[in-house]
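K.L.:
This is the structure I have questions about; it appears just below.
The values are calculated or read from the model by the stated rules, or taken from the named source; none is laboratory data. Here the structure is a predicted model, which is why all the values come from computation and not from measurement. Note that each Cβ is placed from the backbone with ideal geometry, even for glycine, and that neighbours are counted across all protein chains shown. Please note that ligands, DNA and RNA were not included when accessible areas were found on the heavy atoms of the full protein model with its side chains. Shrake-Rupley method; radii C 1.70, N 1.55, O 1.52, S 1.80 Å.
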Amino acid sequence: MLGNFSYCNPTRLYFGENALDNLGVELKKYGANILLAYGGGSIKASGLYDEIIKILNANNKNIIELPGVMANPTTEKLYEGCKLARENNIALILAVGGGSVCDYSKAVSVSAYCEGDPWEKYFLKMEDVDNKIIPVGCVLTMVGTGSEMNGGSVITNHEQKLKIGHVFGDNVFPKFSILNPVYTFTVPQYQMVAGFFDIMSHILEQYFSGEDDNTSDYIAEGLMKSLIHSSRIAVKEPKNYEARSNIMWTATWALNTLIAKAKSTDWEVHMIGQAVGAYTNATHGMTLSAVSLAYYKHIMKYGLKKFARFARNVWDVKADNKSDEEIALEGLKEFEKWMRDIGVVLSLKELGVTPDMFDGIVSATFLLEGGYKKLTPDEVKEILKASM
Ligand code: NZQ
Ligand code: ZN
């Protein structure tokens, strides 16, 4: 049975090879001062930066540049962006990059006019926004997070060894996002497959919750099947437009609130992954892949029916006369095989985790209740050990 919910996604998407043609139309809706946020230089190497500048100039915009948004954006960088936004009376933040640049831009958007410390307000205390919000638009260059069509924003505080996400409401979602699969062709293989796993993890962490027969779960299964199929093609042919465009679209739908409807949702793999990220600054998707097998093997018995369904409906495991447990285990084997096929990291050691970090990672891991089993700190430690 579906419970009560409301659904609204206010982000306008422009998808396809000509998507950037629509940037001018969107820019006309905003004032002159544009904060152009981007990462460490990939958009300059690809030529996208020049194209964007040309469109901004053609629309008579004043461009205030905010380069150097790092993967896993930090509190220090957030404060820098807030100052720049305030000083320049910014009308729109244009984020050009991956999830980090989009997340960061949303953080600046709610923090520039925030009284007090935004890290404390939004990320430690999880308070709502009660100040002016600067609109954000995105041009996406790396696929995985879904940040282009959601209110998520993840910030890392290295001093406090915490990486925390705040899921903001509709008013913080990007006003528009431009999705051209061709921009993702230059993403290095390691980042590309990390993004693929991030998508899978987003779907799984919504799918593995609740026991109800739920339309969201059928959508989730379809998204997973598309991802599994296209990712196997993309690792061999990174410039295959059909595969990359399907993956880009899947990533957006994996985390734009749709498949969470009427679900309690788990998110414990992300909680552990974020804590690992706070200690290692490792690539987000790889922090998830490194702990997922141990996590799912651990919780399988608490959600056995759903794990058996996952095996049958997503991995085409034949039921024959097998028990749910046998079917579920076969499904996890197929899942592991796919992970090996696309080449994600399967061990925390590879990310620089050492046993002396375990206790710190455990205490930086938020323990959530939406999945099949609320973990204890000892169980998190067992999962970390099993992931080495
Ligand atoms: O900085 P540049 O030079 O642009 O290089 C980036 C970066 O080093 C590079 N890259 C991006 N597009 C490229 C490219 N290189 C060549 N060609 C291109 N077209 O890729 C590297 C990684 O980029 P990043 O933006 O960090 O990756 P991703 O999109 O995976 O974002 C990760 C961040 O998003 C957060 C993560 O925690 C992490 O901080 N998340 C946000 C979520 C949300 N908003 O809902 C949910 C996710 O679960 C996730 O937590
Ligand atoms: Zn993620």
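K.L.:
Going from most exposed to least, what order do Arg12, Arg232, Arg244 have by accessible area with a 1.4 Å probe?
P.N.:
Order by accessible area, largest first: Arg12, Arg232, Arg244.
K.L.:
Over the heavy atoms of Thr265, what accessible area does a 1.4 Å probe trace out, to the nearest 10 Å²?
P.N.:
Thr265 has an accessible surface of roughly 20 Å² with all protein chains in place.
K.L.:
Continuing with this model, one more query. At a probe radius of 1.4 Å, what is the per-residue accessible area of Tyr49, in Å² to the nearest 10?
P.N.:
Its heavy atoms expose roughly 40 Å² to the probe.
K.L.:
In region 1-137, with Lys and Arg counted as +1 and Asp and Glu as -1 at Cβ, which of these residues, Gly40, Val69, Asn18, has the Cα nearest the positive end of the dipole, that is, farthest along it?
P.N.:
Farthest towards the positive pole: Asn18.
K.L.:
Quick one: which residues, 5+ away or cross-chain, put their amide H under 5 Å from the amide H of Met388? H built at 1.01 Å from N.
P.N.:
Sorted by chain and number, the residues that satisfy this are Leu348.
K.L.:
Moving on. Taking θ as phi - 60°, what are the ³J(HN,Hα) couplings along region 70-84 by the Karplus curve (6.51, -1.76, 1.60), each to the nearest whole Hz, with x for Gly and Pro?
P.N.:
In residue order, the calculated couplings are 7, 4, 6, x, 9, 4, 4, 5, 4, 4, 4, x, 4, 4, 4 Hz.
K.L.:
Let me ask something additional. Magnitude of the Cβ-charge dipole of the chain, K/R +1 and D/E -1, about the Cα centre, nearest 20 debye?
P.N.:
560
K.L.:
Largest first, please: the extent of the C-alpha atoms of the chain along each principal axis, to the nearest Å.
P.N.:
Over the chain, Cα extents along the principal axes are 68, 43, 43 Å.
K.L.:
Right, next: In the chain, what % of DSSP beta bridges are antiparallel (nearest 5)?
P.N.:
In the chain, DSSP labels about 20 percent of beta bridges as antiparallel.
K.L.:
Report ³J(HN,Hα) in whole Hz for each residue of region 182-189, in order, from the Karplus equation J = 6.51 cos²θ - 1.76 cosθ + 1.60 where θ = phi - 60°; Gly and Pro get x.
P.N.:
3J(HN,Hα) across region 182-189, in whole Hz: 4, 4, 7, 4, 8, 5, x, 3.
K.L.:
If you don't mind, there's one more thing I want to ask. At 1.4 Å probe size, put Thr184, Thr283 in order of accessible surface, largest to smallest.
P.N.:
Final ranking, largest accessible area leading: Thr283, Thr184.
K.L.:
I'd like the distance between the alpha-carbon centres of region 223-266 and region 41-78, rounded to an integer number of Å.
P.N.:
Answer, in whole Å: 26.
K.L.:
Here's something else I'd like to know. Taking H as built 1.01 Å from N, whose amide H comes closer than 5 Å to the amide H of Leu92, not counting residues under 5 places away?
P.N.:
Amide H to amide H, under 5 Å and 5 or more residues apart or across chains, Leu92 pairs with Leu35.
K.L.:
Run the numbers on the chain and let me know its relative contact order in percent, using alpha-carbon pairs under 8 Å that are six or more apart.
P.N.:
16
K.L.:
How do Lys121, Lys301, Lys381 stack up against each other in accessible area, from largest to smallest, with a 1.4 angstrom probe?
P.N.:
Putting Lys121, Lys301, Lys381 in descending order of accessible area: Lys301, Lys381, Lys121.
K.L.:
Determine how large the accessible area of Glu51 is when every protein chain is in place; take a 1.4 Å probe and give Å² rounded to the nearest 10.
P.N.:
90
K.L.:
Also: Using the Karplus curve 6.51 cos²θ - 1.76 cosθ + 1.60 with θ = phi - 60°, what ³J(HN,Hα) values do you get for each residue of region 286-303, in whole Hz, with x for Gly and Pro?
P.N.:
Running phi through 6.51 cos²θ - 1.76 cosθ + 1.60 with θ = phi - 60° gives 6, 5, 7, 5, 5, 10, 5, 4, 5, 5, 5, 4, 5, 8, 3, 5, 7, x Hz.
K.L.:
Run the helix sum for the chain: -39,500 (n - 2.57) per DSSP H stretch of 4+ residues, divided by residue count, reported at 222 nm to the nearest 500 deg cm²/dmol.
P.N.:
Calculated at 222 nm, the ellipticity per residue is -14500 deg cm²/dmol.
K.L.:
Got a sec? Charge dipole of the chain, +1 on Cβ for Lys and Arg, -1 for Asp and Glu; which of Asn313, Ala275, Gly116 is way out at the positive end?
P.N.:
It is Asn313, whose Cα lies furthest towards the positive end.
K.L.:
Here is a follow-up. Given H placed 1.01 Å from N in the peptide plane, which residues other than close sequence neighbours of Ser209 have an amide H under 5 Å from its amide H?
P.N.:
Result for Ser209 returns nothing.
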